[in-house]
Amino acid sequence: MKDLTAGLSDHSSTFALVRRLLVDEALQHWRRYAVAFLLMGIAAAGTALSAYLLGTMTNEAYVNRNYHGIVVIGLIAVVIFAVKGLASYGAAVMLSSIGNRIIADNQRRMLDQLLRQNMAFFADRHSSEFIARLTTGATAVSHVINLLIWPAEGSTAIGETPAQSTTAAGYHMVLWRKGDLNFCAVSDLEMGQLADFATAYRAAQ
């Protein structure tokens, strides 16, 4: 209970950040999220129906030997796959639109905040910091970093290995080992940004 209370009072805690994302960013787009979830549900239903039709078509072809039934099921399958494809595309477009709107709102708020600062604020900072805040900082809300941790195998696993970067299935990954644990950071962020996260996390360990 004490840890939960501390998490609620700490503005930089995971709970506070997730709550801020939901309240400040996601809540105002709930209608679009509802449409996206509905489309994803339709796509999921299409996947389940296609598996069901596969069994039905097998029975019609090899058990009942019904040519007319095969044609009907084939046409139904075409319709289901078409609806599934349109629903998946619509959900992707809707989520992308929400992400772009959130990024644009963040950039607008950041720019307004920068314009309110005095000259001393700009004199102590490099212009690259402002560019990074308006680009990387604003788009960070639409990215997620997954950190996977699992035990290292073997008696020789104790120790620390340098971070290794790789790419798989369109995602960037940074892997390293410390002590008897393996670590893997996975995200769709740029590799340099993900490597910076891994470096900061390793330094804090």
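Read the figures in this text as sums done on the coordinates, not as results from a lab. Treat the numbers as computed from the prediction; the structure is a model and nothing was measured. Virtual Cβ from ideal backbone geometry, glycine too; neighbours counted across all protein chains shown.
In a reduced charge model with +1 at each Lys and Arg Cβ and -1 at each Asp and Glu Cβ, the range 2-140 shows a dipole moment near 200 debye about its Cα centre. Listed values for the range 68-85 are Karplus-derived 3J(HN,Hα) couplings in whole Hz (6.51 cos²θ - 1.76 cosθ + 1.60, θ = phi - 60°), namely 4, x, 5, 5, 4, 5, x, 5, 5, 5, 4, 5, 4, 5, 5, 5, 4, x, and x replaces Gly and Pro.
The fewest-to-most ranking of 127, 165 by surrounding Cβ atoms within 10 Å reads 127, 165. Exposure proxy ranking for 126, 29, based on other Cβ atoms within 10 angstrom of each Cβ and starting from the fewest, stands as 126, 29. Could you give each residue of the range 113-123 its phi-based ³J(HN,Hα) in whole Hz, using Karplus coefficients 6.51, -1.76, 1.60 with θ = phi - 60°, and x for Gly or Pro? Those phi angles translate into 5, 5, 5, 8, 7, 8, 5, 4, 4, 7, 5 Hz.
Site pair residue 153 and residue 108 shows an inter-label distance of 5.3 nm when each label is modelled 7 Å from Cα along Cα→Cβ. For residue 181, the amide hydrogen comes within under 5 Å of the amide hydrogens of 152, counting only partners 5 or more places away or on other chains and with H modelled in the peptide plane. Neighbours of residue 92 by Cβ distance under 13 Å: Lys/Arg scored +1, Asp/Glu scored -1, total +2. For the pair residue 117 and residue 28, label points projected 7 Å from Cα toward Cβ lie 2.2 nm apart.
Going from the residue with the fewest nearby Cβ atoms within 10 Å to the one with the most, 178, 84 rank 178, 84. Using R0 = 35 Å, the C-beta based FRET efficiency linking residue 78 and residue 169 works out to 0.75.
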